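Colleague: Following this message is one structure expressed as structure tokens.
The values are calculated or read from the model by the stated rules, or taken from the named source; none is laboratory data. All values derive from a computational prediction rather than experimental measurement. Neighbour counts are summed over all protein chains in view; Cβ atoms, including those assigned to glycine, are modelled from backbone coordinates with ideal geometry. The protein model used for the area step is the full one, side chains on, heavy atoms only, and it has no ligands, DNA or RNA in it. Shrake-Rupley method; radii C 1.70, N 1.55, O 1.52, S 1.80 Å.
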Amino acid sequence: MEEVPAMPTQVVPVRSDDPEPEVIAQAAAVIRRGGLVAFPTETVYGLGADALSPAAVARIFDAKGRPAYDPIIVHVADSEALSRVAQEVPQVACRLAETFWPGPLTLVLPRAEAVPPTVTAGRDTVAVRCPDHPVALALIQAAGTPIAAPSANRFGGPSPTTAQHVLDDLAGQVELILDAGPTPIGVESTVLDLTQAVPTILRPGGLPREALEAVLGPVAVLEQAKAPETGLPSPGLLPRHYAPQAQLCLFLGPTEVAREAMRREAQAQVADGRRVAVLVADEDVEAFTGLDLTVETVGPADDLTTVARRLFGALRTLDAQKMEVILARDFGSRGLGLAIRDRLRRAASKVVEVSRPDDTQPQ
Ligand code: TXA
Ligand code: MG
């Protein structure tokens with residue numbers, strides 16, 4: 001049954017590099033009166049509300065269907081605003097902000113009193129970032145308040161990289177969507193916890209681990225549940241976030257071997273009469289010719305910027321095509337590869353780790 005929209009949602013085009021002041025003023029007015037505005041950042045579209053208003057923030061949780069235990073990132077226009085939302089700003093936070101802001105890095109710090117517990121899901125820490133997008137920055141400045149914003153998708157869906165994705169998920173739930181075209185990075189920010197003894201990446205994202213380590217030295221990465229080393233599928237082991245309609249299976253290991261395993265699995269699934277798709281790099285396409293399946297490409301395997309940018313859109317496309325099985329390749333753990341792997345792992349109901357026949361350990 002179609003849901004009756006709770007309110008009309010207006011989609012307003014805005015110049016990405018030089019936003020029209022009157023459009024920004026209109027959006028800022030919505031934020032100031034406690035409404036919701038979806039806006040572009042350099043990573044994905046966010047669903048914004050006045051971070052200092054518990055009532056406005058509560059509307060974010062309602063619109064997304066997001067559980068109250070999941071805290072929201074606070075967006076600021078510059079590093080001076082850090083001290084308004086964080087109780088303490090350690091030296092290392094200043095150094096990181098200086099180096100990487102505006103940009104896809106979120107810092108977890110002790111929460112200032114001014115930030116309502118609704119935003120942080122009752123935690124005494126707050127996640128804060130300064131987005132590298134003229135529209136986002138202009139909106140925060142014009143609103144005159146920090147903006148709390150999760151990704152602007154229904155909870156459990158892939159993050160939106162276009163205004164249309166936001167509309168598909170949240171029509172009738174949000175007053176205004178600012179449409180500045182596709183977001184340049186395509187995966188969410190890197191979340192770095194600075195309240196631990198060792199800075200810890202809670203979520204790999206648009207800022208690669210290597211870039212952080214160049215400034216900080218070694219950082220820790222919060223471990224996801226791992227697939228068993230046996231190469232057997234591991235259903236149910238992973239904390240799923242984005243759960244597509246289809247059963248997604250991620251293949252880890254040397255490219256040639258993974259391709260071969262994917263082809264065999266695809267053949268078997270097609271023979272069982274399922275609608276099968278492979279989510280692969282441009283150069284993988286040849287390996288799947290002659291099979292009755294959908295091939296969705298996300299760019300050359302060595303161009304992770306393109307792969308990241310296209311990843312969520314590809315998952316949405318396959319969902320719209322009502323695929324039953326998606327077999328996805330891995331893109332390694334260097335640079336943006338780590339964030340790409342993380343998103344695919346979370347979407348997967350199964351991870352298969354392959355190795356060369358003569359290897360005792362998977363790569
Ligand atoms: O790129 C991004 O980060 C996008 C754009 C819109 O800024 N936002 C985004 O928000 O991805 P969301 O809510 O989808 O993801 C925020 C992540 C979640 O994993 C959440 O648990 C974590 O940040 N987070 C937020 N506050 C936290 C806190 N105080 N401590 C630990 N993790 C926190
Ligand atoms: Mg999200």
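Colleague: Consider Asp358 carefully, then state whether it is under 23 Å from Ser151 (Cα atoms) and open to solvent by 20 Å² or more (accessible area, probe 1.4 Å). Give the derivation first.
Modeller: Numbers: under 23 Å from Ser151 (Cα atoms): no; open to solvent by 20 Å² or more (accessible area, probe 1.4 Å): yes.
It is false that Asp358 is under 23 Å from Ser151 (Cα atoms) and open to solvent by 20 Å² or more (accessible area, probe 1.4 Å).
Colleague: Go through (1) within 24 Å of Pro244 (Cα to Cα); (2) among the hydrophobic types (A, V, I, L, M, F, W, C); (3) buried (at least 19 other Cβ atoms within 10 Å of the Cβ) and name the single condition Ala171 misses.
Modeller: That leaves (3) as the condition not met.
Colleague: Another question, if that's okay. When only residues in the stretch 177-220 that are free of Cβ contacts under 8 Å to residues at least 40 places away in the same chain and open to solvent by 60 Å² or more (accessible area, probe 1.4 Å) count, which is nearest to ligand 1 (Cβ to nearest atom)? Before the answer, list the steps.
Modeller: Residues of the stretch 177-220 that are free of Cβ contacts under 8 Å to residues at least 40 places away in the same chain, as a first pass: 196-198, 200-201, 213-214, 217-220.
Filter again for open to solvent by 60 Å² or more (accessible area, probe 1.4 Å), leaving 196-198, 214, 218.
Working: Gln196: 11, Ala197: 16, Val198: 15, Ala214: 21, Pro218: 20 Å.
Going through the qualifying residues, I end up with Gln196.
Colleague: Give just the number: which of (1) surrounded by 15 or more Cβ atoms within 10 Å (Cβ to Cβ); (2) away from ligand 2 (no atom under 16 Å from the Cβ); (3) at pLDDT below 95 does Ala112 not satisfy?
Modeller: (3)
Colleague: Same structure again: Are any residues in the stretch 139-185 within 29 Å of Gly335 (Cα to Cα) and small (Gly, Ala, Ser), and if so, which ones?
Modeller: Ala148, Ala149, Ser151, Ala152, Gly156, Gly157, Ser159, Ala163, Ala180, Gly181
Listed here are the residues, each with its yes/no results for (1) within 21 Å of the chain's Cα centre (by Cα); (2) within 12 Å of ligand 1 (Cβ to nearest atom).
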| position | (1), (2) |
| --- | --- |
| Phe39 | yes, yes |
| Tyr45 | yes, yes |
| Ser53 | no, no |
| Lys64 | yes, yes |
| Cys94 | no, no |
| Trp101 | yes, no |
| Thr106 | yes, yes |
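Colleague: What pairs come up if the first residue lies in the stretch 94-118 and is touching a residue at least 40 places away in the same chain (Cβ under 8 Å) and of a type in the set (A, V, I, L, M, F, W, C), the second is open to solvent by 50 Å² or more (accessible area, probe 1.4 Å) and part of a strand (DSSP E or B), and their beta carbons are under 9 Å apart, counting only those six or more places apart or on different chains?
Modeller: Short answer, once both residue conditions are applied: Val108/Leu202.
Colleague: In addition: Within the stretch 152-162, restricting attention to residues that are out of contact with any Phe, Trp or Tyr (no Cβ under 7 Å at 6 or more places or on another chain) and closer than 14 Å to Ala38 by Cβ, which residue is nearest to ligand 1 (Cβ to nearest atom)? Quick ask: steps written out before the conclusion?
Modeller: Filtering the stretch 152-162 down to residues out of contact with any Phe, Trp or Tyr (no Cβ under 7 Å at 6 or more places or on another chain) leaves 153-155, 162.
Filter once more, so that each one left must be closer than 14 Å to Ala38 by Cβ: 153-154, 162.
Values: Asn153: 8, Arg154: 11, Thr162: 14 Å.
That would be Asn153.
Colleague: Mind listing whichever residues of the stretch 149-164 are of a type outside the set (A, V, I, L, M), surrounded by 22 or more Cβ atoms within 10 Å (Cβ to Cβ), touching a helix residue (DSSP H, G or I) at 6+ places or on another chain (Cβ under 6 Å) and under 11 Å from Leu47 (Cβ atoms)?
Modeller: Asn153, Ser159, Pro160, listed by residue number.
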